[in-house]
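**Q** I have a structure here, written as structure tokens, and I will follow up with some questions on it.
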Amino acid sequence: MQPPIIGDRVRLESHPNARNCAIATLSLLPGSTVVVVPSLANVLLPLEKGHRCDFCFQVSDAQRKLRKCTGCASYWYCSVECQSLQWKNHHRKICKNYSLFTSSSSFQTLQSHEKLDALLLAHLLAQESVPDPSLPQDNSLAISTFLSLLPGPQTLDGLKIPLPNLKPAIPPEIASLVYARFSNNNFAIHSHLTTVGHGIFPLASRLFNHSCYPNAAPKYLFTPTGVVMEVVALRQIRQGEEICIPYLDPAMLQTRHQIFEFTYGFKCTCSSCVEIETFNIPPPPDDPDELSAISKYLRAFVGLEGKLSDLPEKPRGTIPQQLHCVFHETYLSNLSEVFSKASHESQYELAIEAGVTLLGAYILIYPPNYPQIGVHLLELAKTTWNMFVILETNRLDTAPASKENARAFLNMSRNVLMTFGKEGDDGGPLSELETLQSLLES
């Protein structure tokens, strides 16, 4: 029997440890689209309600005014088309009882993330309860794909998540069947690296295994027909190579193993996890001189000392023991805080030193062209530009070098972000790239 081919770029094959794996049917260049997957169900974060369309997730602006549902007064839409599509999809089955559902004691006692799960589950169950012949045929195919997924370690048994009052009612055993697959196939939908909601993308769950050092990554497009996931190649992927995506931020170096086991029910054995397992990761030192020496060693090891023109690649070979504390989550968070605080307080030399050091850590942790690297490089470029403006105003000799550094960081950022491509809301990092480019050329 031939393995199924999804589109013309990927097919499913058997895997020795996982259920299947996604294999590239042809060579893919960095930035190539691997597959496009529409969401089966999604939900906005509470902070985004009233600011984004509940169907397409597009943000409200002067040209796109939101209007709330007159039935429940809790869902907002940017167009009649979006409201009509979501009404057919699931809202007509939950609108009338939405306020009763969300004000119930069983809902109100949930934690914030459980409330979001309950709403997303309600959307999914309402969609499945009565198939609508007016909906696209691929919608029922997505539901079939979703139900074919392997269940995760969590079920409704023992959980307090309430079920919506649907007609016809969903039998508890069906709800449990859905939730068992729902809990470990729930993607965070982001715009410019900021999470705005969660969604179910069955085909992506069926195709792609996880890696903490992936060769592809998902991005999200907010279109008039709904939220769409596009999986993009981060580097060249050879024909016959497995395509993997990250299920969570690879920089969650200590907590990711617990999340994998609790949420997904597996132990990650990707190259990054295998490497880190050999480390005895100590916390970073408290002594400022020791910490400064480690940061200097990191910059030298990665190749970030001196004049920069191209983004260095992760060094091959064993990472020295002196740098193992770099893989402690507190090292990254503390360094990020120093960079952000110093940038905002115009302590530019300190900010740039911390920013370049953090870039070195990112090069060790993230795969090439990962969007976090591109966004960080853009922030470094903006900070270096601000330093140039101060130096130029004071007519200091170091101003030209600062401008060239800003240009170098900007070019490196452009290479990464253009590979990942447009995603999320209009504007964002790609627009900021063009603005800073204009300033550099003026």
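Quick note: the coordinates plus some simple rules give every number you see, no bench work behind them. Nothing here was measured: the structure is a model prediction, and the numbers come from that model. Quick reminder, even Gly has a Cβ in these numbers, built from the backbone with ideal geometry, and neighbours come from all protein chains shown.
**Q** What are the DSSP H helices in the chain that stretch 20 Å or more along their long axis, judged by alpha-carbon atoms, and whose average Kyte-Doolittle hydropathy comes to at least 0.0?
**A** Working: long enough: 112-129 (25 Å, 0.13); 288-302 (21 Å, 0.19); 329-344 (23 Å, -0.40); 348-365 (25 Å, 1.51); 371-393 (33 Å, 0.57); 399-420 (32 Å, -0.11).
Helices meeting the criterion: 112-129, 288-302, 348-365, 371-393.
**Q** Using Cα-Cα distances under 8 Å and only pairs 6 or more residues apart, what relative contact order does segment 5-246 have, in percent?
**A** Normalised by residue count, the contact order of segment 5-246 is 31 percent.
**Q** Still on this structure, I have one more. Of the labelled options (1) 41, 26, 22; (2) 49, 22, 19; (3) 32, 26, 24, which one gives semi-axes √(5λ) of the Cα gyration tensor in Å as computed for this structure?
**A** Here semi-axes √(5λ) of the Cα gyration tensor in Å agrees with entry (1).
**Q** When the Cα centres of segment 282-327 and segment 55-115 are compared, how far apart do they sit, in Å?
**A** Going from one Cα centre to the other spans 48 Å.
**Q** Determine the gain in length on full extension of the stretch HIS257-GLU345; use 0.36 nm per residue of separation and subtract their C-alpha separation, reporting nm with one decimal.
**A** Details: separation 88, 0.36 × 88 = 31.68 nm, distance 3.65 nm.
Net length gain for the segment: 28.0 nm.
**Q** How high is the relative contact order of the chain, in percent, counting Cα pairs under 8 Å that sit 6 or more residues apart?
**A** Numbers: 704 pairs, mean separation 72.5, N = 442.
With pairs under 8 Å counted, the relative contact order is 16 percent.
**Q** I'd like the Karplus ³J(HN,Hα) series for segment 78-84: coefficients 6.51, -1.76, 1.60, θ = phi - 60°, whole numbers in Hz, and an x wherever there's a Gly or Pro.
**A** With coefficients 6.51, -1.76 and 1.60, one gets 8, 7, 4, 4, 5, 5, 5 Hz.
**Q** Give me the extension gain from LEU439 to SER84: residue separation times 0.36 nm, minus the current Cα-Cα distance, reported in nm with one decimal.
**A** Full extension of this stretch gives 123.4 nm more.
**Q** Taking the Cα centroid of segment 165-223 and of segment 370-416, what is the distance between the two, rounded to the nearest whole Å?
**A** The distance from the Cα centre of segment 165-223 to that of segment 370-416 comes to 38 Å.
**Q** Here's another thing I want to ask about it. Provide the FRET efficiency to the nearest 0.05 for the ASN386-THR269 pair, computing r from the beta carbons and using R0 = 56 Å.
**A** About 0.80, to the nearest 0.05.
**Q** What length, rounded to one decimal in nm, is gained on full extension from THR33 through to SER60, with 0.36 nm per residue of separation minus their alpha-carbon distance?
**A** Fully extending the segment from THR33 to SER60 adds 6.9 nm.
**Q** For the pair THR194 and LEU396, what calculated FRET efficiency results from E = 1/(1 + (r/R0)^6), where r is the Cβ-Cβ distance and R0 = 35 Å, to the nearest 0.05?
**A** With a Förster radius of 35 Å, E is 0.45.
**Q** How big is the dipole moment of segment 271-441 about its Cα centre under a simple scheme where the beta carbon of each Lys and Arg is +1, that of each Asp and Glu is -1, and everything else is neutral? Debye, nearest 20, please. Write out the running numbers ahead of the final one.
**A** Details: 12 positive and 24 negative charges, 92 e Å.
Its charge dipole is roughly 440 debye.
**Q** Excluding ILE276 itself, what net charge comes from residues whose Cβ is under 15 Å from its Cβ, given Lys and Arg +1 and Asp and Glu -1? Kindly include the intermediate steps, with their values, before the conclusion.
**A** Values: positive: ARG256, LYS267, LYS314; negative: ASP249, GLU275, GLU277, GLU329.
Summing Lys and Arg as +1 and Asp and Glu as -1 gives -1.
**Q** Sticking with this structure for a sec: What is the P(r) of segment 5-246, as percent of Cα-Cα pairs per 10 Å bin from 0?
**A** So the P(r) values, bin by bin, are 7, 31, 35, 21, 6, 0.
**Q** Take HIS51 and ARG19, extend 7 Å from each Cα along the Cα→Cβ direction, and tell me the distance between the two endpoints in nm.
**A** About 3.6 nm, to one decimal.
**Q** Quickly work out the ARG235-to-CYS72 label distance, labels modelled 7 Å from Cα along the C-beta direction, and quote it in nm with one decimal.
**A** 4.5 nm
**Q** Turning to a different aspect of this structure: Quick query: amide H of VAL227 versus all other amide H atoms, modeled in the peptide plane; which residues come in under 5 Å with a sequence gap of 5 or more or a different chain?
**A** For VAL227, the qualifying residues are SER39.
**Q** Hey, another quick one. Taking 24 Å as the cut-off for C-alpha to C-alpha distance, list the pairs among LYS65/LYS115; LYS49/LYS93; LYS49/LYS88 that go past it.
**A** From LYS65/LYS115; LYS49/LYS93; LYS49/LYS88, over 24 Å: LYS65/LYS115.
**Q** How many times 2.2 N^0.38 Å is the alpha carbon radius of gyration of segment 1-86?
**A** 1.63
**Q** OK, next. List the residues whose amide H sits under 5 Å from the amide H of ALA251, counting only those 5 or more places along or on another chain, with H placed 1.01 Å from N in the peptide plane.
**A** The answer is none.
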